[in-house]
1. Mind checking which residues of the range 100-123 are part of a helix (DSSP H, G or I) and crowded, with 24+ Cβ neighbours inside 10 Å?
2. State all residues of the range 189-211 that are among the small types (Gly, Ala, Ser) and at pLDDT 95 or above; if no residue qualifies, say none.
3. Identify the residue in the range 167-193 that is open to solvent by 60 Å² or more (accessible area, probe 1.4 Å) and of a type in the set (S, T, N, Q) and, among all such residues, is farthest from the chain's Cα centre (by Cα).
4. Could you list all residues from the range 194-203 that are open to solvent by less than 40 Å² (accessible area, probe 1.4 Å) and of a type outside the set (Gly, Ala, Ser)?
5. Go through (1) more than 11 Å from the chain's Cα centre (by Cα); (2) more than 30 Å from residue 217 (Cβ to Cβ); (3) modelled with pLDDT of 95 or more and name the single condition residue 107 misses.
6. Go through (1) open to solvent by 10 Å² or more (accessible area, probe 1.4 Å); (2) more than 16 Å from residue 14 (Cα to Cα); (3) assigned to a helix (DSSP H, G or I); (4) in contact (Cβ under 8 Å) with a residue 24 or more places away in the chain one by one and return the number of the condition residue 96 breaks.
7. Quickly run through the range 28-41 and pick out the residues that are touching a strand residue (DSSP E or B) at 6+ places or on another chain (Cβ under 6 Å) and open to solvent by 10 Å² or more (accessible area, probe 1.4 Å).
8. If you scan the range 66-93, which residues turn out to be in contact (Cβ under 8 Å) with a residue 40 or more places away in the chain, open to solvent by less than 40 Å² (accessible area, probe 1.4 Å), in contact with a helix residue (DSSP H, G or I) (Cβ under 8 Å, 6 or more places away or on another chain) and not β-branched (Val, Ile, Thr)?
Amino acid sequence: MRIPFLNRPATVAVLRLQGAIGVAGRGGPGLSDAALAPLLERAFKRRKPVAVALALNSPGGSPVQSSLIGARIRRLAEEREIPVHAFVEDVAASGGYWLATAADYIWADDSSVLGSIGVISSGFGFAELIQRHGIERRVHTAGRSKSMLDPFRPETPEDVARLNRLLGPIHDAFKQQVLARRGNRLPQDSDLFTGEIWTGREAVELGLADGIAHLVPKMRELYGKEVRFLTYGQRVPLLRRFGLSADDLIDGIEERAAFARFGAGRG
């Protein structure tokens, strides 16, 4: 006699992590710890999955949100004793690679782009432009550093030094995350923390990924041909299904620009 509940095939929870981190894109509220927390809880607890698979496609974004999401994944994985596999699609760069390191194993396509283990701050300078047009910039602050890197004023060495003082510790935290999660798989004679990016095959050779594989066939290879997949994804807010606001448009442009930096455009 077959008892259905005792003969149920193994389940793999699949969680899609798509888009810039901390930026609300066209497909939903963006990747943030607050938005992903309920999905992660369900993915790790519902039907006692044998593994959690992250379908990852992100050019990065907020270092804080990357850290919070990655830490939540690790807490749940250790509490539930469930292995986590990250499957990189087009790109897992910068904060996207931080999320990948939260997994126990990282898999990629030959043409995936991984890495960019660095920190960036960018902007524009309009000081000469407004001067040519006779525009006077008026800023009043309490605290001499409050208007640091004002784009309408000339950049100063002091402002750049302050910015570097901020970027350095964030970069160090990123490096420590990679070393803590991948240290025993990385070559000792290579500097992988320059912001460089690599294709999937190169990332495997450097120890930044564990192999070339796609989600469904790899999970079936590891957990059986009868394995079932439960997919979790963020819901698109109702209003966004019918149109875009100005904020949505700006966020979408920012997200497309982030993907474009790694040759991974989005349609």
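The values are calculated or read from the model by the stated rules, or taken from the named source; none is laboratory data. Source: prediction; values computed, not measured. Quick reminder, even Gly has a Cβ in these numbers, built from the backbone with ideal geometry, and neighbours come from all protein chains shown. Quick note on the areas: whole protein, heavy atoms, side chains included, nothing else; ligands and nucleic acids left out. Shrake-Rupley method; radii C 1.70, N 1.55, O 1.52, S 1.80 Å.
1. Initially, the range 100-123 is screened for residues part of a helix (DSSP H, G or I), giving 100-101.
Scanning the range 100-123 gives a single hit, 100.
2. 200, 203, 207, 209, 211
3. 188
4. If the condition is that a residue be open to solvent by less than 40 Å² (accessible area, probe 1.4 Å) and of a type outside the set (Gly, Ala, Ser), then 198 is the only one that fits.
5. Condition not satisfied by residue 107: (2).
6. Of (1) open to solvent by 10 Å² or more (accessible area, probe 1.4 Å); (2) more than 16 Å from residue 14 (Cα to Cα); (3) assigned to a helix (DSSP H, G or I); (4) in contact (Cβ under 8 Å) with a residue 24 or more places away in the chain, only one is false for residue 96: (1).
7. 39
8. 66, 70, 85, 87
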